Amino acid sequence: MGGKGSLTIGRVWGIPVRLHFSFLIVLPYLAWVIAQTTPVLAGMAGIDPGTLVLPRLGLGALLAVALFACVLVHEFSHVFVGRLGGGRFSGVTLMLVGGVSEVVELPRKPMHEAAMAIAGPVASLLLAVVGYLGHLIAGPADLRFGLFYLAYVNLALALFNLLPAFPMDGGRIVRALLSKVTTRVRATRVASVLGQLMAVLFLIGGLLSFNWVLLLIGLLVVGGARAELEMVKSSAALDGLRVEQGMQRFAPTVDAGDGVAMVLERMRREVRTTYFVLSRGDLVGAVTAAELKRHDGAGAAFARISDVMQRDVPRLEPDQELGQAAQMLRASRLTMLPVVQAQDLVGFVSLGTIARAVRERDEAQARGRALREQEAT
Ligand SMILES: [Zn+2]
């Protein structure tokens, strides 16, 4: 998610922060909504709207930007706690419905996953508390109103995300807790059904009250629950397989110092679209035909691979679960991921090599069954 239709605006802890195009649409709208609701919210905060100095739309725009900064804090709390538990992330994208942290690899222990899921709502709650306390002691009316508004929205964000349904954080917390007593697939199915039931309530509530926000949440939850179940089901087909069994023991490489034009020529000759990049024998990134073509042209004669390569390439280990590797591959923007053993690049995993591993295992099982049946007769 996030690759298409989004713009990278910077990095935090080496993780790219992207803006989805839907975010650019929603920002002015949000500024407008905030401006519209300012009198009501100011009343709630005990502030006379007449004492606000800034024009309403200007204040709305400032608060819309501040709100998304709060969403970033929420997302990076997931990232921070997730990393402590061994999780890996490929990016954080701000979009229409808030933020999404793209998980490449979930923490292995369910309790770590639960901690990662709850970190976001906890961060939002803390921001709400800080905002509320700040509004009590701040001087200027605009600042007091702004802090009150942010406290209000962060509280709503925390509560909304604690709803026990995918794709909200609460769904992940429920799944992680259930994973302790049953398999991950069954845990996801239960959490998914729970989410669907809730989505139905949202949809009914939305229709009865003509509340389009509730309707939108209902639809979001239906979609999220399905996607999560499909993802876990397909990785269950890979249960018991390791990267070792699903990898190709060969990896096409280029050197970081190679010229872009030369590598493009090699791609054409070898009919290959992805190469891993080595620098003094160490894996430092990957390049794909798509990136090189963007840089092909006037400057290509002088450009080096190190200027255009992707640097944050997830690495696999031979003894890792293949299901997890498949998830990482799907989350990455590459068609193959490198397998590294004791610092050495030993091969790659692609959808093709994964499919082959599954086929080989199924054939071996079928042969085993045929043999047993022969023995039985
Ligand atoms: Zn969250």
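The values are calculated or read from the model by the stated rules, or taken from the named source; none is laboratory data. Just so it is clear, the model here is predicted, and its values are computed rather than measured. So basically every Cβ, Gly included, is an ideal-geometry build from the backbone, and we count neighbours across all protein chains shown.
Kindly indicate which of 101, 124 is modelled with pLDDT of 80 or more, under 20 Å from residue 68 (Cα atoms), of a type in the set (S, T, N, Q) and within 15 Å of the ligand (Cβ to nearest atom).
The conditions single out 124.
Of the residues that sit in segment 134-166 and are more than 21 Å from residue 122 (Cβ to Cβ) and part of a loop (DSSP other than H, G, I, E, B), which one is modelled with the highest pLDDT?
140
I need every pair where a residue in segment 119-132 that is part of a helix (DSSP H, G or I) has its Cβ under 6 Å from the Cβ of a residue that is among the β-branched types (Val, Ile, Thr) and within 14 Å of the ligand (Cβ to nearest atom), sequence separation at least 6 or different chains.
The qualifying pairs are 119/81; 123/73.
Exactly one condition in (1) outside any helix (DSSP H, G or I); (2) within 16 Å of the ligand (Cβ to nearest atom) is false for residue 77; which is it?
Status for residue 77: all satisfied but (1).
Which residues, taken from segment 36-78, are of a type in the set (D, E, K, R) and more than 17 Å from residue 128 (Cβ to Cβ)?
Correct list: 48, 56.
Condition (residue is of a type outside the set (Ser, Thr, Tyr), surrounded by 17 or more Cβ atoms within 10 Å (Cβ to Cβ) and modelled with pLDDT under 80) applied to segment 238-251: is it met by at least one residue?
So the first thing to find is which residues in segment 238-251 are of a type outside the set (Ser, Thr, Tyr), and the list is 238-251.
With the extra rule that they be surrounded by 17 or more Cβ atoms within 10 Å (Cβ to Cβ), the set shrinks to 238, 241-247, 251.
Checking the rest, the ones that are also modelled with pLDDT under 80 come to 238.
Yes: one or more hits.
Return the residues of segment 144-172 that are within 19 Å of residue 68 (Cβ to Cβ) and more than 25 Å from the chain's Cα centre (by Cα); say none if nothing qualifies.
145, 146, 147, 148, 149, 151, 152
Return yes when residue 42 is within 13 Å of residue 149 (Cβ to Cβ), surrounded by fewer than 19 Cβ atoms within 10 Å (Cβ to Cβ), away from the ligand (no atom under 12 Å from the Cβ) and in contact (Cβ under 8 Å) with a residue 60 or more places away in the chain and no when it is not. Even if it seems obvious, please write down each step before you answer.
Values: within 13 Å of residue 149 (Cβ to Cβ): yes; surrounded by fewer than 19 Cβ atoms within 10 Å (Cβ to Cβ): no; away from the ligand (no atom under 12 Å from the Cβ): yes; in contact (Cβ under 8 Å) with a residue 60 or more places away in the chain: yes.
No, not satisfied.
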